[in-house]
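Reviewing the structure listed below.
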Amino acid sequence: MTASDKFLNDAVEFQSRLTEGMKVLSGLGEIKVGTTSKDVIYESGSMALYRYRPLTEQQQNSPPILIVYALVNRPYIVDLHEKRSLVQGLLNRGQNVYLIDWGYPGPADRYLDLSHYIEDKIGQCVAETLRHANTSKLNLLGICQGGVMSLCYAALYPDQVDNLITMVTPVDFHTPENILAKWFRNIDVDLLVDTMGNVPGVMLNSIFLSLKPFKLGVEKYLDFIEIVDQKDKVENFMRMEKWIFDSPDQAGAMFRTFLKEFFHENRMVAGGLSIAGRSVDLKSIKSPILNLMASEDHLVPPSSSVALKYLTGSRDYSEKIYDTGHIGIYVSGKAGGDIPVRIADWLNERQSG
């Protein structure tokens, strides 16, 4: 076959794939996410607290695990699809799962600061979870920025937290590999918040994508052409696209405080962090800790997370680094299959009853 013949055959195959792909895309309909059955047990403003429906009667009375996700994206990444769901995996392993959905902050929320989110919002969700589960302690699973807030809450209220799990959670914001922290340290956050009020989610999302511009802005769409005629893979791709670009605005006061105290001043490590006038000392955390990280994480490098080992008062610390990225740790086949099992087994070994 000559080079021109090969080029012609490749062009015909490409056109055929595109034609079939257009048929697939036109027939997709609504892209559904967060499909695991759940009930709202508490609401406040745009925030909702979900309890996922147990699969067995025994599970109904199991110790609760409360998932605290980040504010900057929607939490349905942990329940993207029945085959790619941390929530479903935990349910399948007998866990009693609750989750905070922060919702979409509006203009009236611009003055809500870090203290409000931790003391009031997380505090109330913890109280409602404990009441609903009829217990005095829960297991806390904090993810990314939600992991930072969970660490603060566990330090302030150690008697309420039986076991603590952190996933891709930044702790030391000044490690050399922390590109996002270097970027944020150059932002005049006072000028930004004073000018805009709430910080647009679309602006933050563009920052996150710019950290890997080719991989996240070009390569994935070139790869998409290779699977555009395969319905299951196209649906998975579109679910991820929906999540990536579903970025809530950030309450201005919260964003200001978070950038200053963590990204700029690194107070989790350097000290001086306080919530509503109370000092936050990670040495107050005595509960067992499981710290899960991703080796290819471009937002929270493992070097930022491993510092947790030396900062808390826990004598039972475990960690695991998965060979994946910040998003892959939720949805990749290998990590997604192992993580719910690891969390459930780790919890079962440590339940205080």
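Here are a few things to note about the model shown:
- For the range 55-194, the relative contact order is 26 percent, taking Cα pairs closer than 8 Å that sit 6 or more residues apart in sequence and dividing their mean separation by the residue count.
- Cross-link table LYS260/LYS309; LYS32/LYS83; LYS38/LYS83; LYS260/LYS320; LYS83/LYS121; LYS242/LYS320, entries beyond 20 Å C-alpha to C-alpha: LYS260/LYS309; LYS260/LYS320; LYS83/LYS121; LYS242/LYS320
- Neighbourhood charge, 12 Å Cβ-Cβ cut-off, centred on LYS137 and excluding it, Lys, Arg +1 and Asp, Glu -1: -1
- Unit charges at the beta carbon, dipole of the range 20-158: most positive-side option, TYR50, GLY123, CYS152: TYR50
- The fewest-to-most ranking of LYS231, LYS83 by surrounding Cβ atoms within 10 Å reads LYS83, LYS231.
Read-outs throughout are calculated quantities, based only on the coordinates presented, and are distinct from any laboratory measurement. Every value quoted in this text rests on a predicted model; they were computed, and no experiment measured them. Positions of Cβ are backbone-derived with ideal geometry, glycine not excepted, and every protein chain shown enters the neighbour counts.
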